[in-house]
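Written out below as structure tokens is the structure these notes cover.
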Amino acid sequence: MSKSKPSSKKSAAPEEVKSRKPAPMKTHEKKKGKAEDADSMAKRQREISVSEFFAKNRHLLGFDNPKKALLTAVKEAVDNSLDACEEAHILPEIEVKLERLSAPIVEAAPENEKDAKEGKDSKKRKGPVPTERYRLTITDNGPGIVATQIPKIFAKLLYGSKFHRLKMSRGQQGIGISAAGMYGQMTTGKPMRITSKLPKKDKAHFTELQIDTKKNTPDVLSEKDVDWKFKSPSGTSVEITLEGRYQRGRQSIDEFILQNTLSNPHGHFRFIDVDNQVFDYPRKTKELPEVPSEIKPHPYGVELGRFHQMAAETTARSLKTFLSNDFSRVSDKVASEILSTAGVKDVPASKITPHHLNKVHEAIPKVSIMSPPTDCIVPIGEELIMNTLKQHSKADFYTAVSRSPAVYRGNPFMVECALAYGGDLSGEEPMTVFRFANRVPLQFQPAACATFRVLTKLDWKKYGLNQPRNSLPVGPIAILIHVASVWVPFTSESKEAIADYPEIKQEIRLAVLECARQLSLHVNRAYRAAEAERKANYIDTYIPFIGEALQEMLKLSDSQKDKVVSTLRNTLERSKIDGD
């Protein structure tokens, strides 16, 4: 039996073990926080305002980088100006002026060749990336704004007149222009400056204000009556000082204003850039678009919770009159049919119970109800949308189509499409796509938009275009798609992409296919014309030689040879036409 070897290490004496002290905590180790209980957590809880939320999450509104923030501010102000002018039956005249208040930022070049090749900047930044400061002024010739409403419109989020109405408009939520002012206030500390003149007033009203983000309330710093320095008898001028980055080209202010001329041919736009260059875009028509009518909610698009809320707020005296008065396309006969299907009797409004409403709501889809009226949306029109595309893209072929109105979730909508092909359009670049929603250009998040998803799923190879998988086709083609609705389902509050509603995607697809069919006819005609020209060249090339050979073989005179050549040419021309 082998003996185990004694350990070479000496065991510590019991006294030494007891005398050891715990090692001091290292500096990088963090001390644990004190445990919370319900009372301590309750003391920290408080309500936050919508302004405070969006101040911390401004990327949701389109203010996530300096370049985009500057464009978003312009977009929100121009949209408001166009809406105001059209509602007042005034041909819009809008001026956008951008002034640089700080020196342009020049990116530091890499110090050595290795960093330059790898795209690195060898200089380490000690702080945030610097931005530029601008003064943005947007002026319109609209009806003006009542002085008491100016603070709430420009310095209170979710305040406006468009959210509660079912009619086509550019703005929807009452956030945009207030958010632009809030962004300027956060980045520069400067307040908004608004000057507005009513037509019956001799003086304009000037207001300088900022937004209290914790309360979502306006803070008026000063206000007074001033002279109106513009030619129009009324209008509004908004001045915002903000940080941003101005660049020309794609997704720029220049492109946004140019695209507005496509979707708003009745507007006169003027842009003065940071170099004081003036870009003037006269209107292409003096006909104002029709003013859309406001409609009531359609019962097919009202969810149960909203249905209960409407019943609680109704002024109708009974359940039947609630259905016929508060909803679109519900006559007394249809209301009676709904109640009969639900197995519910007509009861006074004071005796309507949740059980009644649940039964009625379940019965609504079982009753045939007409689609909602479509006078609440106003399309651009095939002729105008094609003419404006002609002025932007010099092509050989143009076509346009306006689809009949359709419905999603009870909301009427309509899709228009225009297509240009050939000419000066590049055959080596992907398809040029102009996206619009309620006449507003959509310049960001194309991959998230229903429009792009439809275009990439279509087979464009049959029209002679190369198409990488799940991508836009490559070729000399430009397409314009406009979705008009009483409520456009955007993917976010920044209103940059249209959500994937099956009904909307189907209408976009049908509109594009209709334009594509016209393109197919054009391409086939062009192919036949090319073939005819090729055959004509063959005739002109070889007929004289055939005539000389026949002359030599048959001993024909020159006049006889000419007659034979003419007969052959005519015969071949007729056979070519018959073959076509």
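Derivation of every value follows stated rules applied to the coordinates shown; laboratory data play no part. From a predicted model like this one, the values you see are computed outputs, not experimental measurements. Backbone-built Cβ (ideal geometry, glycine too); neighbour counts: all protein chains shown.
Starting from the Cα of T217, step 7 Å along the direction of its Cβ; do the same at R317; then give the gap between the two resulting points in nm.
The two pseudo-label positions are separated by 4.2 nm.
Taking amide H positions as placed 1.01 Å from N in the peptide plane, with prolines and chain starts having none, which residues 5 or more places from L158, or on another chain, fall under 5 Å of its amide H?
I175
How many nm is it between the label spots at V407 and Q45, if each spot is 7 Å from the Cα in line with the beta carbon?
Result: 4.3 nm between the two label points.
Using θ = phi - 60° and the Karplus form 6.51 cos²θ - 1.76 cosθ + 1.60, what ³J(HN,Hα) does each residue of the range 199-204 get, whole Hz, x for Gly and Pro?
x, 8, 9, 7, 10, 8
With r defined as the distance between the Cβ atoms of N570 and L550 and R0 fixed at 25 Å, what FRET efficiency is calculated, to the nearest 0.05?
0.95
Between Q309 and R517, what is the FRET efficiency for a Förster distance of 45 Å, r being their Cβ-Cβ separation, to the nearest 0.05?
The value I calculate is 0.45.
Hey, how many Å between the Cα centroid of the range 428-463 and the Cα centroid of the range 306-338?
41
In nanometres, what is the gap between the two model label sites at D227 and K351, each 7 Å from Cα along Cα-to-Cβ?
Here the modelled spin labels are 7.1 nm apart.
Would the range 137-261 count as rounded, prolate or oblate if I go by the C-alpha gyration tensor, calling it rounded below 1.5 in a/c and otherwise prolate when a/b exceeds b/c, oblate otherwise?
Verdict is rounded for the range 137-261.
Whole-Hz Karplus ³J(HN,Hα) for the range 554-559, in order, using 6.51 cos²θ - 1.76 cosθ + 1.60 and θ = phi - 60°, x for Gly and Pro?
Karplus values, whole Hz, x for Gly and Pro: 9, 6, 8, 6, 4, 5.
For D424 and R165 in the same chain, what is the full-extension length gain: residue separation times 0.36 nm, less their Cα-Cα distance, in nm?
Extra length available between D424 and R165 comes to 88.9 nm.
Given axes a ≥ b ≥ c from the Cα gyration tensor, I'd like to know whether the range 301-353 is rounded (a/c under 1.5), prolate (a/b larger than b/c) or oblate.
Verdict is rounded for the range 301-353.
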